Amino acid sequence: LLQEYARKALDFIWEKRQRSSNLVGVTINIHTGDWVRKDSGVGAGIDSYYEYLLKAYVLLGDDSFLERFNTHYDAIMRYISQPPLLLDVHIHKPMLNARTWMDSLLAFFPGLQVLKGDIRPAIETHEMLYQVIKKHNFLPEAFTTDFRVHWAQHPLRPEFAESTYFLYKATGDPYYLEVGKTLIENLNKYARVPCGFAAMKDVRTGSHEDRMDSFFLAEMFKYLYLLFADKEDMIFDIEDYIFTTEAHLLPLWLSTTNQTISKKNTTTEYTELDDSNFDWTCPNTQILFPNDPMFAQSIREPLKNVVDKSCPRGISRAEESLGSGPKPPLRARDFMASNPEHLEILKKMGVSLIHLKDGRVQLVQHAVQAASSLDAEDGLRFMQEMIELSSQQQKEQQLPPRAVQIVSHPFFGRVVLTAGPAQFGMDLSKHKAGTRGFVATIKPYNGCSEITNPEAVKDKIALMQRGQCMFAEKARNVQKAGAIGGIVIDDNEGSSSDTAPLFQMAGDGKNTDDITIPMLFLFNKEGNIILDAIREYEAVEVLLSDKAKDRATIFKGKMIPNYIIDSNLEMENMDQKLSENDSYKQNSEEATSASQDVGAVGEEPEEGGSSDVADPDTLSSAHADSDSVSISNQDSYVPGTAEASAPEPACTQGDHQPQEQKTKTESNPKVNWDNKAQPMESILADWNEDIEAFEMMEKDEL
């Protein structure tokens, strides 16, 4: 009966897996069957599920358990395993990490991998955990990807000792006896108290809690005893038993008690995997390896300094001057994803680039793919520098999005484009009036060298393309040419603020106080709106500001373009006309004042490149999960242009100007409208369609 209930629970979780990733969440609502936490890992909340799938097969002989385990294991190694790390991911978006830290319960996983027979990643993860222990004396309840303490407690958990025992059985490497010795010495030195062993309240200070959990006696001492016990010390053959998650022993003869379920499951619901995951026998640890200690040592070697500040030792000034010392061939702060030489160095260090669908680039390091053990160490050091730099950038202040508002004819402030800010230059939030001027395309378009058309750029807002150099370098070049502001347009074709999270442009690691002009970033789609306007009207004037301005404010006083004002109309009539047309704002202020945090990119990829999330020297991600960032500008594009006979913006639905006023304006010789403008009916149709779409989106949001 108990087996039936346990099987029912396993079946239910299996059915609730995410089918595209084959991962399961951490916490499930037992009443509704919905995932409460949709992140997936191998640590707390989920560890026993994976362990029991494999051990249920070993104990009961039901092939379906092995098939399920192998399906999950393939997903774990595909998404969660980032050797030597095991990082939680989202079950629906498994390429995105859900955490930047790991919990101590995942220390059991190398032991389970030994039972599975996948020894190499088991050695890698175990060695990483051992380096953390050597740094903090115990394994903290949680630690970050750069191996700093996240949760400082340690309740004397046995999972690491468990994996140490199984790795010693699999490899016969006496190194793991030394690991066990370290565990015992640390327990006696830091945790032993008159009445037993006390849990650590803080591994950094060595303070205790007044508790000793039962698993410490049931598991920790058991695994340590078995680690050092000789065969003659055992009164029974340990190979005839399998351990539960709490280190209780179950005899393998239980698998012979019910032959009806010991048959291969031929169901087609399991994923077909092109590897050896579906072998129908588990490897015997006694013959898994020919007791060759050098095998495990060769895998551990690149990881021996992974925690020790990412460097094996400090480098003196004398060594630096002589060019000696273990200096890596590429430092994280110097890396550029567009540099072919840098990419070749990464390949040599075992670091590969993964281009994500959202345009970002992810760096992954596999020590086994490095050209040599020294190159693997360089790769690990490089990755740790990346992690640390990224962590530093994440702590920097994040800025809200800015606005680029087209104020010239025929837009008159109706078109507001959501723009990414810069961490340097003029702070538009402190200059409420913003920066207003006509735009000019610079030469060279990338802005990475001295501007060759300064006469066209002087006193204007410079347009330039992203790529080939740092944002700050572009800003300095256009500022030197006399520009009063700059707009960087993404070179990634089709990118848009509607589908991608905005980011803020970071500096180049140097002092950027010399940059005084405002700089904003537009995705490709929004940038093309300005470029198309230039091709159509030549003279295009924009306003760079912290948020969209009311058109009555834009055209107040001297800011009113002469061609809008009829010579026979007085100033108050103009104010009245602007007031009557307030409906054209289309909630632009609301669309741009949604102050959601944005990331920061300072490194420039080549043409056709994309933002590099793995370059924290110049990148500051403002979100752990891209789902949490969604900045859109519902009023970012107005298809069509103003009617040639209309001095005011196109009317909204049901809003018609008096015929007398239109006729009067048409007769005004001062008005110089483009004869190629679209027919009024086309403009009204496009404009009303945009209004209806915006209203529908607004209802959906409410």
Query - Ranked order, CYS448, CYS469, CYS195 - accessible area, probe 1.4 Å, largest first - result: CYS195, CYS448, CYS469
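Any of LYS93/LYS474; LYS430/LYS460; LYS480/LYS525 with alpha carbons more than 24 Å apart? Name them for me. It would help to have the intermediate numbers written out before the result.
Working: LYS93/LYS474 35 Å; LYS430/LYS460 21 Å; LYS480/LYS525 28 Å.
Correct reply: LYS93/LYS474; LYS480/LYS525.
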Requested in this report: Kindly list the residues of the stretch 1-33 that lie in the label zone of LEU250, defined by a backbone N under 18 Å from the point 7 Å along the Cα-to-C-beta vector.
Outcome: 1-14
Query raised in the report: Rolling a 1.4 angstrom probe over the protein heavy atoms, how many square angstrom per residue are accessible across the stretch 402-555?
Result: 35
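Could you work out the local net charge near ASP546, counting Lys and Arg as +1, Asp and Glu as -1, over the other residues with Cβ closer than 10 Å to its Cβ? If you can, show how the numbers build up before the last one.
On the way: positive: ARG402, LYS430, LYS432, LYS547, LYS549; negative: ASP427.
Combined, the nearby Lys, Arg, Asp and Glu give +4.
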Report task. Obtain the radius of gyration and the Kirkwood radius of the stretch 112-151 from its C-alpha atoms and give Rg over Rh. Result -> 1.06
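Roughly speaking, what is the stretch gain from VAL36 to GLN362, that is 0.36 nm per residue apart minus the C-alpha to C-alpha distance, in nm to one decimal?
Working: separation 326, 0.36 × 326 = 117.36 nm, distance 2.77 nm.
Taking 0.36 nm per residue and subtracting the Cα distance, the gain is 114.6 nm.
How many Å² of accessible area per residue for the stretch 1-99, probe 1.4 Å? Intermediate results must be reported in sequence, preceding the final value.
Working: 4100 Å² over 99 residues.
Per residue, the stretch 1-99 has an accessible area of 41 Å².
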Report task. Under 9 Å from the Cβ of LEU303, count the other residues' Cβ atoms, weight Lys and Arg +1, Asp and Glu -1, and hand me the total. Result -> -2
Query raised in the report: Among residues other than GLU219 whose Cβ falls under 12 Å from its Cβ, what is the net charge (Lys/Arg +1, Asp/Glu -1)?
Result: -2
Query raised in the report: Using a basic spin-label model with each label point 7 Å from the Cα along Cα→Cβ, how many nm lie between ARG19 and TYR241?
Result: 4.3
Query raised in the report: Rounded to the nearest 0.05, what FRET efficiency is calculated for SER48 and GLU341 with R0 set to 41 Å and r the Cβ-Cβ distance?
Result: 0.30
Report task. List the residues whose amide H sits under 5 Å from the amide H of GLN82, counting only those 5 or more places along or on another chain, with H placed 1.01 Å from N in the peptide plane. Result -> LEU87
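Calculate what fraction, in whole %, of the accessible area of the stretch 116-266 sits on carbon and sulfur atoms when a 1.4 Å probe is rolled over the protein chains. List each step's numbers first, then the result.
Working: 3890 of 7340 Å².
Accessible surface attributable to carbon and sulfur in the stretch 116-266 totals 53 percent.
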Report summary line: Length gained if ASP11 through ARG148 is fully extended, taking 0.36 nm per residue and subtracting the Cα-Cα distance, is 45.5 nm
**Report entry** Accessible surface of the stretch 33-86 [probe 1.4 Å, protein heavy atoms]: carbon and sulfur percent
**Finding:** 51
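The values are calculated or read from the model by the stated rules, or taken from the named source; none is laboratory data. Owing to the predicted nature of the structure, the values given are computational and were not obtained by experimental measurement. Virtual Cβ from ideal backbone geometry, glycine too; neighbours counted across all protein chains shown. Calculation scope for accessible area: heavy atoms of the full protein, side chains included, ligands and nucleic acids excluded. Shrake-Rupley method; radii C 1.70, N 1.55, O 1.52, S 1.80 Å.
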